[in-house]
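Undergrad: Can you keep this structure in mind? I'll have questions shortly.
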Amino acid sequence: MTEYTSTVEINVSAKRLWTYLSDVENLPEYLPQMTAAHKTGEGTVDVTAQIDPSDAPAQEVRGEAWFTIASEGTTLTWGSEGPNHYKGQLDIDPRGAETCELTVKINSERAQPQDVQEGVEHTTDGIKRAAEAKHG
């Protein structure tokens, strides 16, 4: 399984970023492909996304994922069942009173590694834009 990573500095306090990112209902605000996300149970989320893979036509997909707090205030993990063995981790590291560093890691067996890396980079960029617009 390959790990894909992207790190970005965000001009929002670590506490505010944590509060924002740990609420799954906010996923569509910073993930452009995500059209809906709703908590369905303890640690489970129902998600809908519009995907445009390089090897297939654009399509809407829906599924159940897991979303957990691995370390309160600093680390979230998520993933979904399926052939790509997809899972991710998000780490927030305070850098000052109103600045933090965000690292997103994705592990996947997906056959299009460039698509995955670009997706990770779009995710960190989207989080930075949305968090700074809402809380910066």
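What follows draws every value from the coordinates through simple rules; no lab data is involved. Model, not experiment: these values are computed from the prediction. Here the Cβ positions follow ideal geometry from the backbone for every residue, glycine too, while neighbour counts run over all protein chains shown.
Undergrad: Every residue in region 47-97 that is in a loop (DSSP other than H, G, I, E, B), surrounded by 12 or more Cβ atoms within 10 Å (Cβ to Cβ) and of a type in the set (S, T, N, Q), please.
TA: Listed by number, the residues that qualify are 74, 84.
Undergrad: Which residue, of 74, 7, is of a type in the set (S, T, N, Q) and out of contact with any Ser or Thr (no Cβ under 6 Å at 6 or more places or on another chain)?
TA: Values: 7 fails: out of contact with any Ser or Thr (no Cβ under 6 Å at 6 or more places or on another chain).
Testing whether each residue is of a type in the set (S, T, N, Q) and out of contact with any Ser or Thr (no Cβ under 6 Å at 6 or more places or on another chain) leaves just 74.
Undergrad: Identify, please: which residue in region 1-16 is over 10 Å from residue 98 (Cα atoms) and among the hydrophobic types (A, V, I, L, M, F, W, C) and is, among those, farthest from the chain's Cα centre (by Cα)? Don't jump to the end; show me each part of the working.
TA: To start, the set of residues in region 1-16 that are over 10 Å from residue 98 (Cα atoms) comprises 1-9.
Okay, now just the ones that are also among the hydrophobic types (A, V, I, L, M, F, W, C), so 1, 8.
On the way: 1: 18, 8: 13 Å.
Among those residues, the one meeting the criterion is 1.
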